[in-house]
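What follows is a single structure, written as structure tokens, with notes after it.
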Amino acid sequence: MSTIYILWLRQVKRFIRRPARIVGSLGQPLLFLVALGFGLSPVFAAAGQGNYIEFLAPGIIAMSILFTAIFSGIEIIWDRQFGFLKETLVAPVSRLHIMIGRTLGGATIASFQGLVVLVLSLLVGFRPVSVGGVGIAFLFMFLIAMAFTSLGTAIASKLDDMQGFQLIMNFLVMPLFFLSGALFPLDGLPAALKLVVRINPLSYGVDGLRGTLTGLSHFGVASDFAVLLLITGFLLAIGSYLFSKIQI
């Protein structure tokens, strides 16, 4: 357990020591909130869908968590290139504990990013339906963070260079985000697109956040939680297995 705590603390300290990274990571979510939220709000309201910022904010929170969590896998490649990963892996500790510690650290950072974006959302006019809902929403944030930190770790465990990781992420991250229902309602979609949304793990995170923060849910909050919990467990198992097979 001490190994898990030490690696978790190292990940968090690494993030805290880079204030420019914290500020820079908020630019894209804020741009989406302001540009899309205010730009498309009249169209959304005219279509009878209500306040677009209320609809959009949970999706942007999920987006910020997704990006931060999955790109934390890059640090495995970075640590491998500079030798820190080798020093960690040759230590007389379980690789499972190493992976869990790193994943918890990445998930903590991503969840913090989600909370910051939630605060920014409040500044542009978003209002959660209840204080209790915010607490449950944080649970969804952490599950999203754990799932996609594990996915990033799994992918990074099979790659040796930054360029390959970024290429795969560009073909994975953006489709996950845009096809999750973060930007548009899921009612009335074509059958093919509806199927894609249903098999997208982020869809359940977005819908769970929207349900807890706004009271509007497509799949049902309980279903979102159950599916997301299963997905998180599956991705954590895959990430742990692939990380254990890293060659040093």
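Here are some notes:
- Residue in region 152-167 that is at pLDDT below 90 and under 19 Å from ARG198 (Cβ atoms) present: no
- Picking from residues in region 151-182 that are within 16 Å of MET63 (Cα to Cα) and of a type in the set (Gly, Ala, Ser), the one that is surrounded by the most Cβ atoms within 10 Å (Cβ to Cβ) is GLY152.
- Residues of region 117-137 that are buried (at least 16 other Cβ atoms within 10 Å of the Cβ) and in a helix (DSSP H, G or I): VAL117, LEU118, LEU120, SER121, GLY133, ILE136, ALA137.
- Scan of region 190-215 for residues that are aliphatic (A, V, I, L, M) and in contact with a Gly (Cβ under 9 Å, 6 or more places away or on another chain), ordered by number: VAL197, LEU202, VAL206, LEU209, LEU213
- Residue in region 15-25 that is at pLDDT 75 or above, outside any loop (DSSP other than H, G, I, E, B) and under 30 Å from PHE234 (Cβ atoms) present: no
- Hits in region 113-129 - residues which are in contact (Cβ under 8 Å) with a residue 40 or more places away in the chain and over 16 Å from VAL206 (Cβ atoms): VAL116, LEU120, VAL124, GLY125, ARG127, VAL129
- Take the conditions (1) loosely packed, with under 14 Cβ neighbours inside 10 Å; (2) within 25 Å of LEU115 (Cβ to Cβ); (3) at pLDDT 90 or above; LEU195 misses just one of them, which is (2).
- Qualifying residue in region 59-67 (condition: of a type in the set (Gly, Ala, Ser) and at pLDDT below 85): no
The values are calculated or read from the model by the stated rules, or taken from the named source; none is laboratory data. Predicted model only: the values in this text are computed from it and were never measured. Cβ atoms come from the backbone with ideal geometry, glycine included; neighbour counts cover every protein chain shown.
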